[in-house]
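A.B. asks: Sharing a structure with you now.
The values are calculated or read from the model by the stated rules, or taken from the named source; none is laboratory data. None of these values were measured; they are calculated from a predicted model. Neighbour counts are summed over all protein chains in view; Cβ atoms, including those assigned to glycine, are modelled from backbone coordinates with ideal geometry.
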């Protein structure tokens, strides 16, 4: 790697960077990783929630694959 080259972010760093925004969007229960994708756990399969998540991901994690999993609401333990 040459001097001045940008080191690519790891997927974990991307997840950490976008998690708060996704969780604050409403309708999102959690954020995780699966393979080379960010998994967004949805409370329900609502089109509005997916649209909000897509906008956030496009702004904060362009080029990262986002996978949806309908999980219901997670309960704090």
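A.B. asks: Which ones in region 52-61 are without any contact (Cβ under 8 Å) to a residue 24 or more places away in the chain and either surrounded by 11 or more Cβ atoms within 10 Å (Cβ to Cβ) or in contact with a strand residue (DSSP E or B) (Cβ under 7 Å, 6 or more places away or on another chain) (or both)?
C.D. replies: Passing the criteria: 54, 55, 58.
A.B. asks: Shifting gears a bit: Here are some residues: 35, 72, 27. Which one is within 17 Å of residue 11 (Cβ to Cβ) and more than 12 Å from the chain's Cα centre (by Cα)? Walk me through how you get there before you give the answer.
C.D. replies: Working: 72 fails: within 17 Å of residue 11 (Cβ to Cβ); 27 fails: within 17 Å of residue 11 (Cβ to Cβ).
Exactly one residue qualifies, and that residue is 35.
Each row is one residue, and each column tells you yes or no for (1) in contact with a strand residue (DSSP E or B) (Cβ under 6 Å, 6 or more places away or on another chain); (2) at pLDDT below 95.
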| position | (1), (2) |
| --- | --- |
| 12 | no, yes |
| 15 | yes, yes |
| 33 | no, yes |
| 40 | yes, no |
| 63 | no, yes |
| 71 | yes, yes |
| 76 | no, yes |
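A.B. asks: Quick one: count up the residues across region 38-47 that are over 12 Å from the mean Cα position of the chain (by Cα) and either surrounded by 11 or more Cβ atoms within 10 Å (Cβ to Cβ) or assigned to a loop (DSSP other than H, G, I, E, B) (or both).
C.D. replies: So the answer is 4.
A.B. asks: If you don't mind, there's one more thing I want to ask. Which of the residues spanning region 15-30 are touching a helix residue (DSSP H, G or I) at 6+ places or on another chain (Cβ under 7 Å) and assigned to a helix (DSSP H, G or I)?
C.D. replies: If the condition is that a residue be touching a helix residue (DSSP H, G or I) at 6+ places or on another chain (Cβ under 7 Å) and assigned to a helix (DSSP H, G or I), then 17, 18, 21, 22 are the ones that fit.
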